[in-house]
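Here is the structure we will look at, set down as structure tokens.
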Amino acid sequence: MEIKLLQDNGQLGAGIQASPEVFEREYNEALVHQVVVAYQANARSGNRAQKDREQVKHTTKKPWRQKGTGRARAGMSSSPLWRGGGRIFPNSPEENFSHKVNKKMYRAGMKSILSQLAREGRLNVVDQFNVDTPKTKLLEQKVKAMGLDSVLIIVDQVSENLYLAARNLHKVSVVEPQHADPLSLVQYQKVLVSKAAIAKMEELLK
């Protein structure tokens, strides 16, 4: 599989040969959906809490007498049927949102995403990617010169200059191969991978 080399002026140059095992997989939409949903679910902190009818602070006095009013029977205002009452099945901080995905499935899903990105021309390789000074404006100009807007940059090792320059650009993210996640790969319009990072990703996804 040949992945085109993106130059600093935005032109495509001669590509490099990448592993067909990683970059020539068939697109498995169901598997990709499962992997992305599992990644989002596992990122949830589960810190919200609601109260049941025992925990809400309401009087236990009967609102009105049982019969003769013409209204429905009511025992107390903390009933879940009432506005401001407790929840029937309240959310608790201990709630577990995690989804289990086997390593083999996760790797297959990542390969499927990378292969589809390569087929669509959304995945390109660069010799190396860095900035001389930790300036956001400098990185923004470099990305625009390459004809990119929303981009995920995967480099072998994120330098401090590159990290500081990219952290304030919400459409640009810089990660190392081991931290590339399925959601970011799908979310960004373009993915740039350095030559050293390509080799590392192939090794990680064996």
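Look through region 11-39, keep the residues that are free of Cβ contacts under 8 Å to residues at least 12 places away in the same chain and in a helix (DSSP H, G or I), and return whichever of them is nearest to the chain's Cα centre (by Cα).
Here is the first cut: in region 11-39, the ones free of Cβ contacts under 8 Å to residues at least 12 places away in the same chain are 11, 13-14, 29-30, 33.
Filter once more, so that each one left must be in a helix (DSSP H, G or I): 29-30, 33.
On the way: GLU29: 17, ALA30: 17, HIS33: 12 Å.
Checking each candidate, the answer is HIS33.
Tell me, which residue of region 158-173 that is assigned to a helix (DSSP H, G or I) and in contact with a strand residue (DSSP E or B) (Cβ under 6 Å, 6 or more places away or on another chain) is farthest from LEU185 (Cα to Cα)?
Let us first name the residues in region 158-173 that are assigned to a helix (DSSP H, G or I), namely 160-166.
Then drop every residue that is not in contact with a strand residue (DSSP E or B) (Cβ under 6 Å, 6 or more places away or on another chain), which leaves 162, 166.
Working: LEU162: 19, ALA166: 17 Å.
Residue satisfying both the conditions and the ranking: LEU162.
Please determine whether any residue of region 126-137 is open to solvent by less than 70 Å² (accessible area, probe 1.4 Å) and part of a helix (DSSP H, G or I). Show your work before the answer.
Within region 126-137, the first condition is being open to solvent by less than 70 Å² (accessible area, probe 1.4 Å), and the residues that meet it are 126, 129, 131, 133-134, 136.
Checking which are part of a helix (DSSP H, G or I) leaves us with 136.
Yes, the conditions are met somewhere in region 126-137.
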* How many residues does region 138-157 contain that are without any contact (Cβ under 8 Å) to a residue 60 or more places away in the chain, in a helix (DSSP H, G or I) and open to solvent by 30 Å² or more (accessible area, probe 1.4 Å)? -> 4
* Structure fact -> Residues in region 158-206 that are in contact with a Phe, Trp or Tyr (Cβ under 7 Å, 6 or more places away or on another chain) and open to solvent by 40 Å² or more (accessible area, probe 1.4 Å) total 1
* Structure fact -> For region 41-59 the number of residues that are at pLDDT 90 or above and open to solvent by 90 Å² or more (accessible area, probe 1.4 Å) is 5
* Asked: Scanning for something aliphatic (A, V, I, L, M), in a loop (DSSP other than H, G, I, E, B), open to solvent by 70 Å² or more (accessible area, probe 1.4 Å) and more than 30 Å from LEU152 (Cα to Cα), does region 76-94 turn up at least one residue?
  -> yes
* Can ARG107 be described as touching a residue at least 24 places away in the same chain (Cβ under 8 Å), in a helix (DSSP H, G or I) and open to solvent by 70 Å² or more (accessible area, probe 1.4 Å)? -> yes
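The values are calculated or read from the model by the stated rules, or taken from the named source; none is laboratory data. Since the model is a prediction, treat every value here as computed from it, not as a measurement. Note: ideal-geometry Cβ built from the backbone for every residue, glycine included; neighbour counts use all protein chains shown. Ligands, DNA and RNA are stripped out before the accessible areas are found, and what is left, the full protein with its side chains, is counted by its heavy atoms. Shrake-Rupley method; radii C 1.70, N 1.55, O 1.52, S 1.80 Å.
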